[in-house]
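Accompanying notes for the structure given below.
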Amino acid sequence: MLHGCVEYLPLDGVEFNPANVLEFEKKHGVVFPDTYKRLLKECQGKTPNPNYFKLNNGFSSISVFYHFYDHRDDIDAYHIEKNQDFLREKISPNLVAFAEDPGGNLICFDYRKGPDNPEIVFVSHEDVGADAINHICKDFDKFLNYLYAD
């Protein structure tokens with residue numbers, strides 16, 4: 001259960017524009033889960049609390065939820081578009097990274113089965129293709145419930 005988010009990026013002076021989310025969905029032919037869209041207003045560009053999740057025989061954590069804010073040099077490294085080319089070319093065109101862990105690995109929506117109701121997967125930035133993808137859970141709501149504190 002998510003208890004809020006803590007600042008990760010310097011977000012002074014940025015405003016959330018829901019039109020940016022709709023534009024991304026249209027451009028990439030995906031539909032984000034409603035829970036994720038509601039979470040964006042409070043948590044984009046921030047670290048969730050709690051932020052750890054189980055992964056295979058270990059664990060990882062979310063450093064930052066990617067954001068949809070208008071481009072600005074000091075926060076662009078964590079814009080949701082940042083990893084789309086990497087994912088499209090090296091892993092799968094049907095993944096959308098929404099967060100990353102401390103090692104730069106990606107937590108993604110998996111749209112390989114269709115344009116909505118994505119599963120949640122972990123993508124290792126050190127591997128390519130299917131070898132890079134590790135299933136986390138069935139959907140975003142379950143993912144939020146899987147998060148735990150250190």
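General remarks:
- Selected residue (criterion: nearest to Gly45 (Cα to Cα)) from residues of the stretch 96-140 that are among the charged types (D, E, K, R) and in contact with a Phe, Trp or Tyr (Cβ under 9 Å, 6 or more places away or on another chain): Glu100
- Every residue from the stretch 48-67 that is buried (at least 19 other Cβ atoms within 10 Å of the Cβ) and either part of a helix (DSSP H, G or I) or of a type outside the set (Gly, Ala, Ser) (or both): Pro48, Asn51, Phe53, Ile62, Val64, Phe65, Tyr66, His67
- Qualifying residue in the stretch 63-82 (condition: among the hydroxyl-bearing types (Ser, Thr, Tyr), in contact with an Asp or Glu (Cβ under 9 Å, 6 or more places away or on another chain), under 16 Å from His28 (Cβ atoms) and without any contact (Cβ under 8 Å) to a residue 40 or more places away in the chain): yes
- In the stretch 59-116, the residues that are of a type in the set (Gly, Ala, Ser) and more than 24 Å from Phe16 (Cα to Cα): Ser60, Ser61, Ser92, Gly103, Gly104, Gly114
- When restricted to residues that are of a type in the set (A, V, I, L, M, F, W, C), crowded, with 16+ Cβ neighbours inside 10 Å and in a loop (DSSP other than H, G, I, E, B), the stretch 109-150 contains 1.
- Matching residues in the stretch 92-102 - criterion: being in a loop (DSSP other than H, G, I, E, B) and in contact (Cβ under 8 Å) with a residue 40 or more places away in the chain: Ser92, Asp101, Pro102
- Scanning the stretch 34-68 for residues that are out of contact with any strand residue (DSSP E or B) (no Cβ under 6 Å at 6 or more places or on another chain), of a type in the set (Phe, Trp, Tyr) and farther than 18 Å from His3 by Cβ returns a single hit, Phe68.
- Per-region count, the stretch 43-62, residues over 14 Å from the mean Cα position of the chain (by Cα) and free of Cβ contacts under 8 Å to residues at least 60 places away in the same chain: 3
- Of the residues making up the stretch 104-139, those that are under 15 Å from Tyr52 (Cα atoms) and touching a residue at least 40 places away in the same chain (Cβ under 8 Å) are Asn105, Ile107, Phe122, Ile136.
- Count - residues of the stretch 1-47 that are out of contact with any Leu (no Cβ under 6 Å at 6 or more places or on another chain), surrounded by 13 or more Cβ atoms within 10 Å (Cβ to Cβ) and in a loop (DSSP other than H, G, I, E, B): 10
- Gly13 vs. criteria at positive phi and either under 13 Å from the mean Cα position of the chain (by Cα) or free of Cβ contacts under 8 Å to residues at least 12 places away in the same chain (or both): yes
- Residue list for the stretch 88-108, restricted to those being buried (at least 21 other Cβ atoms within 10 Å of the Cβ) and not β-branched (Val, Ile, Thr): Leu95, Ala97, Phe98, Ala99, Glu100, Asp101, Asn105, Leu106, Cys108
Each reported figure results from applying straightforward, stated rules to the coordinates on display, with no laboratory input. Please read all numbers here as calculations on a predicted model, not as lab measurements. Here the Cβ is made from the backbone with ideal geometry for all residues, glycine too, and neighbour counts use every protein chain on show.
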